[in-house]
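So the structure is just underneath, and the comments pick up after that.
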Amino acid sequence: MPGVAFVAHCMLNQNSKTIGGARCPGIYSPLVKVLRESGWRIEQMPCPELTFTGLNRFWAVKEQYDTSAFRRHSRKIASAVVGAIEVHVREGRDVVLVGIEGSPTMGVCITSSDPTRAGLPEWADGHDELIPGEGIFFEELRSEMKARGIAEPRVIGIEHQLPGHDKRVENRRLQTFFSK
Amino acid sequence: MTLRDERSYRVALVADRYLNPAKGKLDAVPILLEAGWGAIQLPSDDYPSAVAGPLLEQVAEQVEEFHRRGYDAVVIGRREGLDEALEAAGVPHLDQIEPATARALQSFLSKRPTPAAKVSRRRTTTSRR
């Protein structure tokens with residue numbers, strides 16, 4: 001039965017992306033279309049990067065965000081989001097989380113890592129930084145849910161910023177995930 | 001990473017009832033998609049204030065960044081506590097519409113000026129060539 005999908009901020013607002021990362025003008029329709037067709041309610045999570053390093057931020061890897069200040073910032077946002085999740089869980093609704101694969105903060109199964117990245121940005125065009133793992137905000141979200149005794153929801157990551165992204169493959173993944 | 005950016009520099013704060021509309025009610029999503037606007041969802045009216053308050057604070061902080069950087073920002077619908085949250089974040093009054101019809105919303109969005117951020121980005125890109 002369809003429930004409530006808590007989606008990464010940029011799924012409804014690509015203007016929040018790091019410059020160079022917006023794949024469409026505003027709403028990312030491939031996800032929203034599947035959610036609507038499957039009868040899921042949409043809930044947008046805040047973007048932790050946008051309110052910490054702003055719109056003119058550089059592309060960054062997980063290590064660059066892994067500071068106590070950013071963790072604190074993420075925990076504050078996670079607390080706000082989990083407060084809303086709790087409302088739906090108490091009503092017996094199915095809750096799922098939708099993150100962004102490759103993101104240092106919103107990654108679900110793939111995040112970005114490079115312990116040496118620092119200083120003047122002049123790294124080469126490539127994707128060596130992608131590694132298996134969760135982004136920082138998702139780690140804090142999971143921690144907050146555990147602290148409140150909320151069972152871990154199912155999660156899925158949108159792959160639109162990964163190299164070799166295939167829209168048809170992603171559409172099938174989304175349809176399968178949201179039909180359960 | 002290949003840089004290709006399709007952002008619109010336009011952001012609408014959207015009341016939940018227009019993003020998750022009841023059957024037969026006005027749905028803002030297809031209109032925003034067609035017009036190329038991003039959406040920032042306002043908390044559901046069903047949420048208690050203890051839940052909505054922190055979410056509104058996050059909405060306001062995000063809008064402050066968009067506004068400061070010259071993105072266009074408007075409000076579609078209403079949400080109790082939004083004005084106070086925006087004021088606390090230092091965001092000036094935003095143009096707002098309580099659309100009765102899809103056409104009214106389309107018309108409102110189509111009359112918006114070109115966002116300042118889009119103009120300055122275009123200038124920067126041109127001057128680099």
Problem - Qualifying helices (runs of 4 or more DSSP H) (wholly inside segment A:62-148; at least 1 residues being in contact with a Gly (Cβ under 9 Å, 6 or more places away or on another chain) and closer than 22 Å to A:PHE177 by Cα) - result: A:68-90, A:136-147
Practice task
Those residues that are among the small types (Gly, Ala, Ser) and part of a helix (DSSP H, G or I), I need them from segment A:38-61; list them, please.
Solution key: A:SER38
Handout entry: Pick from segment B:28-62, criterion polar (S, T, N, Q) and without any contact (Cβ under 8 Å) to a residue 24 or more places away in the chain, ranking: farthest from the other protein chains (Cβ to nearest Cβ)
Key = B:GLN62
Exercise for the section: Please state which one of B:ALA12, B:ALA60, B:ALA52 is small (Gly, Ala, Ser), touching a strand residue (DSSP E or B) at 6+ places or on another chain (Cβ under 9 Å), surrounded by 22 or more Cβ atoms within 10 Å (Cβ to Cβ) and not in a loop (DSSP other than H, G, I, E, B). Expected result: B:ALA12
Practice task
Tell me, yes or no, whether segment A:4-13 has at least one residue that is within 7 Å of chain B (Cβ to nearest Cβ), buried (at least 21 other Cβ atoms within 10 Å of the Cβ) and either touching a Leu at 6+ places or on another chain (Cβ under 7 Å) or small (Gly, Ala, Ser) (or both).
Solution key: no
Problem - Residue among B:ASP5, B:ASP45 that alone is outside any helix (DSSP H, G or I), at pLDDT below 95 and touching a Lys or Arg at 6+ places or on another chain (Cβ under 8 Å) - result: B:ASP5
Problem - Test result for A:LEU35, in a strand (DSSP E or B) and more than 8 Å from every other protein chain (Cβ to nearest Cβ) - result: no
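The values are calculated or read from the model by the stated rules, or taken from the named source; none is laboratory data. All values reported here derive from a predicted model rather than from experimental measurement. Virtual Cβ from ideal backbone geometry, glycine too; neighbours counted across all protein chains shown.
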